[in-house]
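One structure is given here, and the rest of the page talks about it.
What follows draws every value from the coordinates through simple rules; no lab data is involved. Just so we're clear, the structure is a prediction, and the values are computed from it rather than from any experiment. Cβ atoms come from the backbone with ideal geometry, glycine included; neighbour counts cover every protein chain shown.
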Ligand SMILES: *Cc1c(COP(=O)(O)O)cnc(C)c1O
């Protein structure tokens with residue numbers, strides 16, 4: 001089994017440094033994106049202190065939830081969600097679904113949550129880079145959609161927004177997409193938005209500088 005401790009500490013120190021420069025009152029949550037690894041690696045990471053893990057596929061999440069049942073792990077769903085998987089996902093009681101990409105999807109989650117007698121926490125995914133390949137709502141419709149979900153659907157609880165930074169090597173372009181997401185988040189704070197989930201292994205430093213308070217880190221942790 002890998003020893004993740006040293007690597008983890010390095011990443012944490014890096015985040016902490018930027019956090020203090022940016023906003024010392026900001027608490028930054030780290031979701032370890034565990035799609036590249038199995039239950040054993042997650043267990044090893046749990047033992048060095050990580051508690052929140054994010055999965056991309058419902059089937060993978062299910063297997064890991066079952067294998068790691070004894071640990072009080074907080075499971076997040078961060079991948080693209082197909083509507084025929086929503087029931088199975090809700091049954092796993094994820095802490096947060098990051099990837100609700102439209103009002104229609106929120107409605108589907110709401111409908112199934114109602115049948116099960118659950119309330120499901122979700123984030124609205126925003127396609128801030130405006131890339132065709134990416135899921136999420138266009139920035140110009142994000143606020144309206146957020147409020148519509150909040151006002152009309154009673155079995156989903158919106159906790160904020162999620163975005164994937166622009167797929168680019170150009171820092172300015174990535175920064176632009178993060179700033180768009182953050183601006184929407186800031187506007188929605190008065191409506192209860194708590195989490196701005198943005199920043200992955202290649203761009204988390206920039207994401208923290210742009211106001212992210214929830215990072216989804218995969219390869220930088222599990223290498
Ligand atoms: C895989 C994945 C991540 C983590 O990616 P890394 O670049 O390995 O840090 C974050 N968010 C989503 C939605 C992902 O699919």
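Please indicate, with yes or no, whether at least one residue in the stretch 47-60 is surrounded by fewer than 19 Cβ atoms within 10 Å (Cβ to Cβ), touching a strand residue (DSSP E or B) at 6+ places or on another chain (Cβ under 6 Å) and not in a helix (DSSP H, G or I).
yes
Could you list, in sequence order, all residues of the stretch 211-222 that are assigned to a loop (DSSP other than H, G, I, E, B), near the ligand (Cβ under 9 Å from one of its atoms) and in contact with a helix residue (DSSP H, G or I) (Cβ under 7 Å, 6 or more places away or on another chain)?
Across the stretch 211-222, the qualifying residues are 220, 221, 222.
If residue 79 meets every condition in (1) in contact (Cβ under 8 Å) with a residue 24 or more places away in the chain; (2) more than 15 Å from the chain's Cα centre (by Cα) apart from one, which number is that one?
Residue 79 satisfies all of (1) in contact (Cβ under 8 Å) with a residue 24 or more places away in the chain; (2) more than 15 Å from the chain's Cα centre (by Cα) except (2).
For the stretch 199-210, name all the residues that are surrounded by 19 or more Cβ atoms within 10 Å (Cβ to Cβ) and either within 12 Å of the ligand (Cβ to nearest atom) or outside any helix (DSSP H, G or I) (or both).
Selection gives 199, 203, 204, 207, 210.
Out of all the residues in the stretch 33-43, is one or more in a helix (DSSP H, G or I) and either within 16 Å of the ligand (Cβ to nearest atom) or farther than 14 Å from residue 222 by Cβ (or both)?
Looking for residues that are in a helix (DSSP H, G or I) and either within 16 Å of the ligand (Cβ to nearest atom) or farther than 14 Å from residue 222 by Cβ (or both), one finds at least one in the stretch 33-43, hence yes.
Determine which member of the set 18, 30 is under 16 Å from residue 220 (Cα atoms), touching a helix residue (DSSP H, G or I) at 6+ places or on another chain (Cβ under 9 Å) and surrounded by 13 or more Cβ atoms within 10 Å (Cβ to Cβ).
Only one candidate qualifies: 30.
Consider the stretch 95-118. How many of its residues are more than 11 Å from the chain's Cα centre (by Cα), under 22 Å from residue 185 (Cα atoms) and not in a helix (DSSP H, G or I)?
Number of matching residues: 2.
Can you pull out every residue in the stretch 169-193 that is crowded, with 16+ Cβ neighbours inside 10 Å and either out of contact with any helix residue (DSSP H, G or I) (no Cβ under 6 Å at 6 or more places or on another chain) or part of a helix (DSSP H, G or I) (or both)? Step through it out loud before you land on a result.
Residues of the stretch 169-193 that are crowded, with 16+ Cβ neighbours inside 10 Å, as a first pass: 174-178, 180-185, 188, 193.
If the condition is that a residue be crowded, with 16+ Cβ neighbours inside 10 Å and either out of contact with any helix residue (DSSP H, G or I) (no Cβ under 6 Å at 6 or more places or on another chain) or part of a helix (DSSP H, G or I) (or both), then 174, 175, 176, 177, 178, 180, 181, 182, 183, 184, 185, 188 are the ones that fit.
Filter the stretch 156-167 down to residues that are surrounded by 15 or more Cβ atoms within 10 Å (Cβ to Cβ) and in a loop (DSSP other than H, G, I, E, B) and give me whichever is nearest to the ligand (Cβ to nearest atom).
The extreme case among them is 164.
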